[in-house]
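Encoded as structure tokens, the structure appears first; notes follow it.
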């Protein structure tokens, strides 16, 4: 009797374990499928590196709304569906508990009896889980990532020009630099008449800045345009690195690489804009309306130029916002511009040159954020945010131009990367080539080679230094070319497709000398 009870208990425990594993596999499968769809619906992802980097890097506070939405849509909903599936299966099992169907397999003298319903259940659960894995790997470019990790290329090593080996000659009077990364800002948002993709000009103010005869806009056409983004320069941290080092942000499982993503020590072998300016005696500042820790940004700017940081938490520490204040990614751009004005007034009191870097957030996908002072006259919430950003950026630049320090200051306003919004571009011409916006204001360099160019955001790196009057030996830094020089860019020499193919491939040089320090 005791043996029978023990056997029954053991069978119940085994059944519970089987049901538990079935629950977990279905739950995980649904999480994988839902989160893959959520990613594809909310972000224009073109490679797995971005996802891998984000998984390993510190996200800080991020956007609370984004995190809450992710949990609701990709964890709570799959959890509810899994519970419903298990309940339905248990109900069906109860209805047909007296029916038996088995498969008898005779092996030599032994007969193996397999319950047909159990077999179908096991196959179904495992199949669902395996399909979810395949679905994610196919749609999130994981297969491509694996494929290219086995193909080696020396393109980076051959093409890279180490800034530490290049003679850089600053003007006698060093020029201040205000560098504004406008989140997801594209020349695409202009109307067709001015080089954009729409019938409405959503960035009228930025188009006016680009067309101002005293300013310079580099374009792929003879109208207002921008730069292409190379592979692994298509999200904010990668974009910042591409524009300040002339390099992509390639993920790697090489020694120390994963650890560097986690602590934010990115591309330690790269010599960046911030380091160049630090060595030239510049004061360095970065201001963002979010937690700068997100995506490794804080440590990157601290280890590549030792920047003074003003972010969401700085605003709290200074009593500018309450501890529980949180809008969009931290505080909105309207406040960012107001705080920037106060900071610049203080910074400009010192005669030493400075670089003041900013990053806006209101045009971050999926829907952006519209400040209260802006109109919402368009049907698209995202394009309302874009139009609002154009107006606010223009007003901020007007303010800078009214200040005494402007005479010796160059302003560079650029998008960081193409937008990841998935619906605002559905109706544009499929053959239209989207470009990252740029305008160089009060530049010491000039050129007549700014239109009908092939270039990408790597080229912004040496072009920035040229704009503040730095003479660059050979006019090349990183993978970038000084656009003011009219020298052929790598994109013009090799074409975009060829470069992107090479950047996808494994680079031992990058692993050894960029993700590590090989000198």
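Worth a mention:
- Shape call, region 368-433: gyration tensor on alpha carbons, a/c limit 1.5: oblate
- Stretching residue 165 away from residue 199 to a fully extended chain increases their span by 7.5 nm, per 0.36 nm per residue minus the current alpha-carbon distance.
- Going from the fewest other Cβ atoms within 10 Å to the most, the residues 46, 493 appear in the order 493, 46.
- Separation of alpha-carbon centers, region 281-299 and region 394-423, rounded to whole Å: 17 Å
- Relative contact order of the chain, defined on C-alpha pairs under 8 angstrom at six or more residues apart (%): 25 percent
- Viscosity 1.306 mPa s, 10 °C: Kirkwood-radius Stokes-Einstein D of the chain over Cα pairs, µm²/s: 63 µm²/s
- Mean projected area (nm²) of the alpha-carbon convex hull when region 143-239 is viewed from all directions: 10.4 nm²
- Taking other C-beta atoms within 10 angstrom as a stand-in for reagent exposure, 316, 412, 71 fall in the order 71, 316, 412, fewest first.
- Were the residues from residue 143 through residue 423 laid out at 0.36 nm apart, the gain over their Cα-Cα distance would be 98.2 nm.
- Over region 327-444, relative contact order from alpha-carbon pairs under 8 Å, at least 6 apart, %: 22 percent
- Taking N as the residue count of region 288-356, its C-alpha radius of gyration divided by 2.2 N^0.38 Å amounts to 1.16.
- What the Cβ-Cβ distance of residue 55 and residue 172 gives, at R0 = 60 Å and to the nearest 0.05, is a FRET efficiency of 0.80.
- Estimated inter-spin distance, residue 150 and residue 130, nm [label 7 Å along Cα→Cβ]: 2.0 nm
- Degrees between helix 77-95 axis and first principal axis of the chain (Cα, 0 to 90, nearest 10): 10 degrees
- Region 335-375 and region 459-519 have Cα centres lying 28 Å from one another.
- Residue order for 125, 166, 158, 207, fewest other beta carbons within 10 angstrom first, comes to 158, 166, 125, 207.
- Hydrodynamic radius of region 359-474 per Kirkwood, over alpha carbon pairs, in Å: 16.5 Å
- For a label point 7 Å along the Cα-to-beta-carbon line of residue 407, residues of region 168-187 with backbone N under 16 Å: 173-176
- Computed label-point distance, nm, for sites residue 398 and residue 17 using a 7 Å Cα→Cβ extension: 7.3 nm
- Kirkwood-type hydrodynamic radius, region 412-471: 13.6 Å, calculated from all non-identical alpha-carbon pairs.
- Mean projected area of the convex hull spanned by the Cα atoms of region 440-519, taken over all viewing directions: 6.3 nm².
- Here's the picture: a label point sits 7 Å out from the Cα of residue 379 along the beta-carbon direction, and within region 189-210 the residues with their amide nitrogen under 14 Å of it are 199-200.
- For region 154-204, the convex hull spanned by the alpha carbon atoms encloses 197 Å³ per residue.
- With Cα atoms, 0 to 90° folded angle of helix 333-347 axis to the chain main axis: 40 degrees
- Expected 222 nm ellipticity per residue - DSSP helices of 4 or more, -39500 (n - 2.57), all of the chain, to 500: -13000 deg cm²/dmol
- Degrees, to the nearest 10: 236-245 long Cα axis against longest axis of the chain: 40 degrees
Only the coordinates and a few stated rules stand behind these numbers; no lab work does. All values derive from a computational prediction rather than experimental measurement. Glycine also receives a Cβ, built like all others from the backbone with ideal geometry; neighbour counts cover every protein chain displayed.
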